[in-house]
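Here is the structure we will look at.
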Amino acid sequence: MTERTVTRAQLSEAVYQEVGLSRNESADLLELVLNEITDALARGEAVKISSFGSFSIRSKGQRIGRNPKTGEEVPILPRRVLVFRASQLLKNRINAGLAKAAVRGKKQT
């Protein structure tokens, strides 16, 4: 499977194609949505996008880790981490895509 990254420019172009806003308006709309999600997460709020998934912030406490090269113990400071949990609908669509790819692979051999 080849890895491909979807960029902001590609998302903005998709909005332009689907909604019919100008390219500038599409880019501004995308930035507005991403900024709202970012701001909500920074405030510690969960963000749920129906049929896609939810983003939340989890607090991790301080712990002792090890430097893998030297084996020396090093304290890992408390921090907040971003967690994404995919919706069941998204998981099903991803797995359906894998199943289709597997069927296509069998037909080629």
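Structure notes:
- Among residues of the range 71-98 being out of contact with any strand residue (DSSP E or B) (no Cβ under 8 Å at 6 or more places or on another chain) and of a type in the set (A, V, I, L, M), the one that is surrounded by the fewest Cβ atoms within 10 Å (Cβ to Cβ) is L77.
- Residue check for A101: modelled with pLDDT under 90, surrounded by 10 or more Cβ atoms within 10 Å (Cβ to Cβ) and of a type outside the set (V, I, T): yes
- Only listed residue being touching a Pro at 6+ places or on another chain (Cβ under 9 Å) and at pLDDT 95 or above, chosen from Q88, Q62: Q62
- One residue stands out among those in the range 74-99 that are closer than 28 Å to R43 by Cβ, part of a strand (DSSP E or B) and of a type in the set (A, V, I, L, M): the one that is farthest from the chain's Cα centre (by Cα), which is I76.
- Residues of the range 33-49 satisfying the condition of being of a type in the set (S, T, N, Q) and under 14 Å from the mean Cα position of the chain (by Cα): T38
- Residue, farthest from the chain's Cα centre (by Cα), within the range 22-32, restricted to residues that are closer than 29 Å to N92 by Cβ and hydrophobic (A, V, I, L, M, F, W, C): L29
- Taken over the range 7-46, the residue count meeting the criterion of being within 17 Å of V81 (Cα to Cα), in a helix (DSSP H, G or I) and hydrophobic (A, V, I, L, M, F, W, C) is 4.
- If only residues of the range 47-70 that are of a type in the set (K, R) and more than 20 Å from L82 (Cβ to Cβ) are counted, the one that is surrounded by the fewest Cβ atoms within 10 Å (Cβ to Cβ) is K69.
- Tally, over the range 16-51, of residues that are of a type in the set (V, I, T) and at pLDDT below 95: 1
- Selection from the range 35-44 of residues that are free of Cβ contacts under 8 Å to residues at least 12 places away in the same chain and surrounded by 11 or more Cβ atoms within 10 Å (Cβ to Cβ): E36, T38, D39, A40
- G71 falls short on exactly one of the conditions (1) small (G, A, S); (2) on the phi > 0 side of the Ramachandran plot; (3) part of a strand (DSSP E or B), and that condition is (3).
The values are calculated or read from the model by the stated rules, or taken from the named source; none is laboratory data. The model shown is predicted, which means the values in this text are computed figures rather than measured ones. Every residue, glycine among them, receives a Cβ derived from its backbone with ideal geometry; neighbour counts consider all protein chains shown.
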